[in-house]
Amino acid sequence: MTSRKTFIPKEYRPKIPGTDLNNNYAKHSVCFVPKRKASAVVLIASSGDVVANAFYNDILGNQISNVLRLEYDGLGKLCDFSYSKDHLTIYTQSTSITPISIYHRHPGISMNHPYFNKHTAFLDVLDLWTGNLLGQTRYHYSNTSKLYQQFFTINECLKKSRCKRITVPDSFVLKGSKRGQLSSLPKNAIVKSLSSCRSKVVTNETFKSWNVQSLNVIPTLFQDYIEGEDIRVHVSDDFLWCLKILNKDTVDYRYSTKGTVKYTEFLPTEELSCFCKNLRDAEENRLIGIDFVKRNGTLFCLESNPGPGWSTFHHSSKPKFTLALLKSMNLKIQGDNLC
């Protein structure tokens, strides 16, 4: 998000582990003269990425071989790449690797980073590569991603799926310092970041005291506040992992008191399954996390997360989703049993 003052104060834009690259890697100097070649499944994310690290620990714990964990922090120094005629090669200090599959979680990068061009070039290559890829493409980092969802992909999927019990909340995008703008919102509304940057969702009971002049900086997304059951659906190819959130003590369950949030798994209806898979296809992203609120039997789709933090949803059913993700990466799992 821009460093200029925005309507959503800094304290409501929490820092997410793994969203910063470790610049210490830029001090390394490496000459790539790989002596051997190999094929591997590649998991690449920042060194502090909680989801990638938890997933890799699952992989190690289940003695799954042939998976290489790379860190975006070292791209250009500790690892590098080349691309020609749809052949992608990733280099470490010792090995030239032909990826079998890639699961990547890029944290975003400052234009001031010494390897900014290297990172953007790699993301461009991932958009072009026709291999087995899980993770966000370049356009998912657009500052209008949530707006695009609300007014195109989600609405198109509602029509395509012919949904009767799924809809969207009324949404509003405001920009400018005109007095009275906030009074045009529903009586009960929430505010959130319009971009892929995370913000803590709060109602007008909180944001009514914020500086309305800051709306003049960048557009801000508001939605009708739907009180009901929070639902999260993670999608990996054709597998859906559906959870209902219990016992939250804040509007945004992600920031409830530690240890208070509980989850319960449920099976999706045919309508929900159809909608989620259509949204997966519309966004051209095989791995997404979709947020809903259920009220009086109707599901309100809030947004779709193109890089979901699925590992942080601690429930006994999580190994099933881990297994689905491994299969999406074309990994061979002995007996389909995960610890």
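To keep it simple, each residue is scored yes or no on (1) aromatic (Phe, Trp, Tyr); (2) surrounded by fewer than 16 Cβ atoms within 10 Å (Cβ to Cβ); (3) closer than 17 Å to Leu133 by Cβ.
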{"site": "Asp237", "(1), (2), (3)": "no, yes, yes"}
{"site": "Cys242", "(1), (2), (3)": "no, no, no"}
{"site": "Tyr263", "(1), (2), (3)": "yes, no, no"}
{"site": "Thr269", "(1), (2), (3)": "no, yes, no"}
Return the only residue of Lys187, Lys178 being surrounded by fewer than 17 Cβ atoms within 10 Å (Cβ to Cβ) and either touching a Phe, Trp or Tyr at 6+ places or on another chain (Cβ under 7 Å) or modelled with pLDDT of 85 or more (or both).
Lys187
Could you say whether any residue in region 149-163 is in a helix (DSSP H, G or I), in contact with a Leu (Cβ under 8 Å, 6 or more places away or on another chain) and surrounded by fewer than 17 Cβ atoms within 10 Å (Cβ to Cβ)?
no
Restricting to region 106-129, what's the tally of residues that are modelled with pLDDT of 90 or more and among the polar types (S, T, N, Q)?
2
Matching entry among Val251, Val217 (being outside the structural domain of His314 (by TED's automatic domain parsing), within 27 Å of Thr6 (Cα to Cα) and of a type in the set (A, V, I, L, M)):
Val217
Give region 185-233 a look and list any residue that's among the acidic types (Asp, Glu), assigned to a strand (DSSP E or B) and without any contact (Cβ under 8 Å) to a residue 60 or more places away in the chain, or say none.
Asp224
Out of the residues in region 43-95 meeting the condition of being of a type outside the set (S, T, N, Q), part of a loop (DSSP other than H, G, I, E, B) and free of Cβ contacts under 8 Å to residues at least 60 places away in the same chain, tell me which one is surrounded by the most Cβ atoms within 10 Å (Cβ to Cβ).
Asp49
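The values are calculated or read from the model by the stated rules, or taken from the named source; none is laboratory data. The structure displayed is predicted, hence computed values, not measured ones. When we count neighbours, we look across all protein chains shown, and the Cβ atoms used for this are built from the backbone with ideal geometry, even at glycine.
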